[in-house]
1. Per residue of A:44-55, what is the mean number of Cβ atoms on other protein chains within 10 angstrom of that residue's Cβ?
2. Points 7 angstrom from Cα along the Cβ direction at B:T13 and B:A42: gap in nanometres?
3. So how much slack lies between A:L200 and A:A122, counting 0.36 nm per residue of separation and subtracting their Cα-Cα distance, in nm?
4. Average partner chain C-beta neighbours within 10 Å, per residue of B:16-29?
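Derivation of every value follows stated rules applied to the coordinates shown; laboratory data play no part. Source: prediction; values computed, not measured. Neighbour counts run over all protein chains shown; Cβ positions are idealised from the backbone, glycine included.
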Amino acid sequence: MKAPITNPWLDTTTAALIHLIPLALVLAGRFDAIDLLIVYTVEIAVGLAFAIPRLVRRISGIDWAERGVPRGGRIVVATMAVSVPLVGLGLYAYGWGETAVELVTATDWSVARILLAIFTGASLAAYTGYRLRRGDTTAVGLGRVMLQMLVLGFGVTYGLRASEHAATLAEAGWELLDVTGSRGYTWTAWFVQATESLGLGPEVFAAIFIAGMMALNEAVLTVVSHLRSPRSEGPPSSSLPVER
Amino acid sequence: MSSTPPTRSGRRTAVAAVLIVGLVVANFSFISALSTFERVLAVQSRIPGDQATQVCQNAARRALDPRAHAEPTVVDLRYLGDNTAEARTVFAYSDRPDGVIRCTFALEASRPPQLTVVDLEVVR
């Protein structure tokens, strides 16, 4: 029997804060949008690898472990189910018309940078896996994965494209038109003003968006997970149910 | 007719539902904002500011004060969305008109960019 999570507030705060670590690395100049893609993809892959066997068991009643499917087989199936949509996501991140080769060649890859991204993603995944094994329901787990894929896919896509446009503008020596007072762009105007006042570029703007939404999603879904837990009928410090 | 007070479990479910709906709305709002940001940059990266200025100056001179020799000056350039932008032009030394001319452009995503003035308005 695994130990339950006994402090929902600490769990929620940790879930939010660790998802802001990649943003700190972006602000420190160590990461960009491609690194964020690696970091969060590793975490999402782990989330899906946990959620898929549970979903199969919930829908079909088939327990892979009881049917004698070896652990390695379960990992292979889950990995394939994860890799297909994620490869598509990675290609989509650079636009459907571009190729994966262009993405790789356009990036300033280095071993240290890739290792740092994978290590950061694995750290997030370790905490995600820890929570998923201790009472997160299948619905909340899948909801988490779907929302995070949505944020990551669109965030990296638009972030990369915005950075390219900004580079084009800078190269041509053109001035940005004023967008802060434009009609119908309240959110955008707010973001642009906030990033400009901090002296940040579009790629950092996108990173703030991605990491911020990841942290918000994790925090809120962790709260929902605790609210939906039968054990949480007791005092606030009650624990999550334990997966047996 | 009597109503049953909500149970603790029911309230928790309701709070969870509200949180999830709010979260989904927030995600789509932020994605929409980021996509708009990207689209604004995409259009603007195709507009040389000096070309927009020249087009607005010429249009204002032809339409409003063909005999004056005053030099109109574009003081503000603004993206409106839907591939349009507007510029405010001031005739600094002209007697007529003495206000601000606002030009609205249609922007065509071509290289080099094509700018067409679709509207002129005098702002007193």
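1. On the way: counts 0, 0, 0, 0, 0, 0, 0, 0, 0, 0, 0, 0.
Neighbouring Cβ atoms belonging to other protein chains average 0 per residue here.
2. Inter-label distance under the simple model: 4.3 nm.
3. On the way: separation 78, 0.36 × 78 = 28.08 nm, distance 2.78 nm.
Gain on extension, A:L200 to A:A122, equals 25.3 nm.
4. Numbers: counts 9, 2, 1, 5, 7, 0, 1, 10, 5, 0, 5, 8, 2, 1.
Shielding by partners across B:16-29 averages 4.
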